[in-house]
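The values are calculated or read from the model by the stated rules, or taken from the named source; none is laboratory data. The structure presented is a predicted model; accordingly, all values stated were derived computationally and were not measured. Because the Cβ atoms are built from the backbone with ideal geometry, glycine has one as well, and the counts that use them run over all protein chains shown.
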Amino acid sequence: MKVVLCGYYGLGNGGDEALLASLLQMLPPAVIPVILSGNKLHTSELASNALGQGRMFQVIDRMGLVSVIRAIRDADAFIWGGGSLIQDATSGLSPLYYGGLMALAQIMGLKTIAWAQGVGPLRYPFTRWLARQTFRHCQAVSVRNSESANLMARWHIPTVLAPDPVWTLKGVNVPEIETLPTPRIAVNLRPHPQLTPERLHLFIQSLVQFQRATHGSIVLVPFQSSQDMTITKMIQPHLTGAHTVVNLTNPQQLKGLFRGVEMAISMRYHGLIMAAAEGCRCFAISYDPKVSSLMVELSIPGWSLTGGDHHPSFPTSADTMYHQWLTHFNAPNQLTQDHTQIYGNRALLHRDILTQVLGKGR
């Protein structure tokens, strides 16, 4: 049974690559995945690692229109493979691309699944209409947050709500951080208009103080090298203690890295999920509703860059930042192993809908 997997794959975003790896690990064994990717070589390597030896798969250039249409025509099913694919806040073209391919698959009579979606925001009438029509004609829909579930309920679309599938991803140890002094603090920032040079300067000042107080190591973790590495390089020269930059492209290693750190300070949604799943203390800096929602769901402390989401605003003092980090670092970790096990078990509901729709393959 051939199944086309459509997502933000092969474009260097660690969270989306982790979603692909999670999806591949959840697919029924008889399914042959056909993956639409922006980097065929990288995605082929990822698929080999996630599926294991002996499993067949195919990788198609996501922008090769003729080959994409041919792949859909020859397939039995089509899956939106996780993440915030259907939103028009960052790009008006994104929902058109994903919605157009889903609509094409439905016209061609394929089984279709909207899998582990974080839907919205949808600001424009046409993208709302397109999203509603394509979701309505899916054989199954699963979402990863309550806001998306509420939207599906308003549209009268049956939906499975479960934690992000990356909770279930099998992590791999990263030996290169094991020689660093403990405690280890993982840090991930991404560019954002509200992360101004002044705010970044305060962050760096606070991080230097925090490292001195804990006598630990700083592990800088860019999740999307093309974006995050710029900020990483701005932080690194100011660190006077032990530190390293870990730039990983394997999502299983990226998740496994957090097994070896005691606290994570992250803007990235999947940075927080990976850290929480591996039992690491988390401190969030929210730039997006999905991060704010996760902070509420997991009781993760942190600040908001954008305001208006009921979380404390980004501090105006480096001392304030440092003391809040230190207080959180010294407090017991509220997210226990029992909690993470519950989230991991619930995330397997995303696997269940794959089995229900795709069965065991032919």
**OP:** Considering only segment 265-289, state which residues are out of contact with any strand residue (DSSP E or B) (no Cβ under 6 Å at 6 or more places or on another chain) and of a type in the set (Phe, Trp, Tyr).
**Re:** Tyr269, Tyr287
**OP:** Please give the helices (runs of 4 or more DSSP H) falling wholly within segment 1-106 in which 2 or more residues are free of Cβ contacts under 8 Å to residues at least 40 places away in the same chain and in contact with a Ser or Thr (Cβ under 9 Å, 6 or more places away or on another chain).
**Re:** 40-51
Original post:
When segment 292-309 is examined, which residues are found to be at pLDDT 95 or above and more than 19 Å from His339 (Cβ to Cβ)?
Top reply: Trp303, Ser304, Leu305
**OP:** Take Ala186 and decide whether it is within 24 Å of Thr249 (Cα to Cα), in contact with a helix residue (DSSP H, G or I) (Cβ under 8 Å, 6 or more places away or on another chain), outside the structural domain of Gly81 (by TED's automatic domain parsing) and of a type in the set (Gly, Ala, Ser).
**Re:** yes
**OP:** Would you point out the residue of segment 205-224, among those that are assigned to a helix (DSSP H, G or I) and surrounded by 16 or more Cβ atoms within 10 Å (Cβ to Cβ), that is nearest to the chain's Cα centre (by Cα)?
**Re:** Leu207
Subject >> Qualifying positions in segment 211-248 - β-branched (Val, Ile, Thr) and either closer than 17 Å to Leu272 by Cα or not assigned by TED's automatic domain parsing to the domain that holds Tyr269 (or both) >> reply: Ile218, Val219, Val221, Val246
Original post:
Do the conditions hold for Leu110, that is, is it in contact with a Phe, Trp or Tyr (Cβ under 6 Å, 6 or more places away or on another chain) and either closer than 18 Å to Tyr8 by Cβ or not aromatic (Phe, Trp, Tyr) (or both)?
Top reply: yes
Original post:
Looking at this structure, is Ala114 outside any loop (DSSP other than H, G, I, E, B), buried (at least 21 other Cβ atoms within 10 Å of the Cβ), touching a residue at least 60 places away in the same chain (Cβ under 8 Å) and within 21 Å of the chain's Cα centre (by Cα)?
Top reply: no
**OP:** Report yes if Ser148 is under 29 Å from Gly279 (Cβ atoms), under 18 Å from the mean Cα position of the chain (by Cα) and free of Cβ contacts under 8 Å to residues at least 40 places away in the same chain, otherwise no.
**Re:** yes
**OP:** Considering (1) part of a loop (DSSP other than H, G, I, E, B); (2) in contact with a His (Cβ under 8 Å, 6 or more places away or on another chain); (3) among the aliphatic types (A, V, I, L, M), say which one Val166 fails and leave the rest.
**Re:** (1)
Original post:
Which of the residues belonging to segment 156-187 are closer than 30 Å to Trp129 by Cβ and surrounded by fewer than 19 Cβ atoms within 10 Å (Cβ to Cβ)?
Top reply: His156, Ile157, Pro158, Val160, Leu161
Original post:
Taking segment 177-204 on its own, how many of its residues are under 24 Å from the mean Cα position of the chain (by Cα), part of a helix (DSSP H, G or I) and of a type outside the set (Phe, Trp, Tyr)?
Top reply: 2
**OP:** Would you be able to say whether some residue in segment 298-312 is touching a residue at least 24 places away in the same chain (Cβ under 8 Å) and among the β-branched types (Val, Ile, Thr)?
**Re:** yes
**OP:** Give the residue that is modelled with the lowest pLDDT, with candidates limited to residues of segment 225-240 that are farther than 15 Å from Arg190 by Cα and surrounded by fewer than 16 Cβ atoms within 10 Å (Cβ to Cβ).
**Re:** Thr240
Original post:
Can you find even one residue in segment 249-259 that is modelled with pLDDT of 95 or more and among the hydroxyl-bearing types (Ser, Thr, Tyr)?
Top reply: no
**OP:** Among the candidates Tyr269, Tyr287, single out the residue that is in contact (Cβ under 8 Å) with a residue 40 or more places away in the chain, out of contact with any helix residue (DSSP H, G or I) (no Cβ under 8 Å at 6 or more places or on another chain) and among the hydroxyl-bearing types (Ser, Thr, Tyr).
**Re:** Tyr287
